[in-house]
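A.B. asks: My questions will all concern the structure given below.
Nothing in this text is a laboratory measurement; each read-out follows from the coordinates by a stated rule. In this text the structure is predicted, and so the values were computed from the model without any measurement. We place every Cβ from the backbone using ideal geometry, glycine too, and count neighbours over all the protein chains shown.
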Amino acid sequence: MTFEQPQSEPDLLGSPLLAADQFTHSPLSNPREEIRLLHIEEGADEDPIDCMITTWLQSSEPPYHAISYTWGDGVDADETIHINGGPFQVRRNCWDALCQCRSQFSYSREPDYIWIDSICINQDDKPEKNSQVAIMGEIFQRAATVKACIGREDEASRFVHAMLLGIGQKTHRPYPNPFNRVLKAPWIDSIPTVDNTTLCDALLTLHRRPYFSRLWVVQEHRLAQHVDVYCGTDKFFLGALQHLLEEMRQGRCDIDQINGSGFQILIDHGYVRSPVLRNRREHLALLLARFAGFRCADPRDKIFGLLRMVNWEGSDPILPDYNCSLLGLARLALWVFTKSRAADSQGIISSASLLMKALGLTSEHKEMAALLE
């Protein structure tokens, strides 16, 4: 374990300006084998966020929680936290996620470590970012818990949370046993019928949160050992949400918009902790089709965010490279398509069309058109 120190900026006379000590990342010796972990110091909700960051070999890392959240498109990093004594700017969604973690941690035992990409990866170091993104699947798979921070609470989320708490109190179970219909029946029967319309509207509002359309969260949920969902200070049991959706689909109201959505997919992935699902690998083209509606700020992440779930079928795996052009990445993906055992000319063209849409390329790109000929 090593500590990272804030860097002082010298003034014109050569003496350090202590007030300007900004935290900067110390380089990782081997970014494919090391990770940084963050510890948030204890504090009340209104207190500043103070953290310590340390570097660990993956072979000797302590238990940690991986944070799943959405960065927020077009949002400036205008919130200040302190890391190892130095100020560091983060976006509001990152600030909220750190506050949610701090409110949930118990400071009476061993330190709680977290891994959060916007801080634990030096985003200004492209080679490090490439290496760390390549092992993000393993980072989430090894985490003791994935904490899904879906944003601040609102009227809709509070209504759903209160509904689930009320059912749990009536049945003395926070969520039903999924494999025992007898034990599950009292929980299901306690879902109020008088609030169907309001409950459906609240569920639809919850499922429209940007978090549930973010591509990266697919692998973060699929690979997790355990997922906790936080909305503001409220914690949701995935089992309760899953069964609530199941029952609402049985004619209580129209929530077809949720079926097949990111909300449904991520709840199912997070709740069904199946080794088969966690280890499932599929062809890149199938994954592109299934998650075509999911979003990411950088089009290259349409590919990079799926890599841990791809069956490469004997072809060389694509490695994250944020210096790679969109056309260069398209060439690599097309090569993977052609190596598929089930590949035929029509299937490759269909897959290429999905790829072009994902990367924002069109047939007007002469190079792309040439690749398809």
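A.B. asks: What list of ³J(HN,Hα) values in whole Hz, one per residue of the range 113-122 in order, does the Karplus curve 6.51 cos²θ - 1.76 cosθ + 1.60 (θ = phi - 60°) give from phi, with Gly and Pro shown as x?
C.D. replies: Along the range 113-122, the couplings run 9, 10, 10, 9, 4, 5, 10, 7, 10, 6 Hz.
A.B. asks: So how far apart, in nm, are the two label points at T197 and R278 if each is 7 Å from Cα heading toward Cβ?
C.D. replies: Each label point lies 7 Å from its Cα, and together they span 4.4 nm.
A.B. asks: Starting from the Cα of S350, step 7 Å along the direction of its Cβ; do the same at L332; then give the gap between the two resulting points in nm.
C.D. replies: Result: 2.6 nm between the two label points.
A.B. asks: Under 5 Å between amide hydrogens, which residues at least 5 positions from I49 or on another chain qualify, with H placed 1.01 Å from N in the peptide plane?
C.D. replies: HN-HN under 5 Å from I49: H82.
A.B. asks: Please give me the summed charge of the neighbours of Y230: other residues whose Cβ is under 11 Å from its Cβ, Lys and Arg +1, Asp and Glu -1.
C.D. replies: Numbers: positive: K147, R152, K235; negative: D96, E153, D228, D234.
Around Y230, the charge tally is -1.
A.B. asks: Now a separate question. Points 7 angstrom from Cα along the Cβ direction at N311 and Q225: gap in nanometres?
C.D. replies: 2.7
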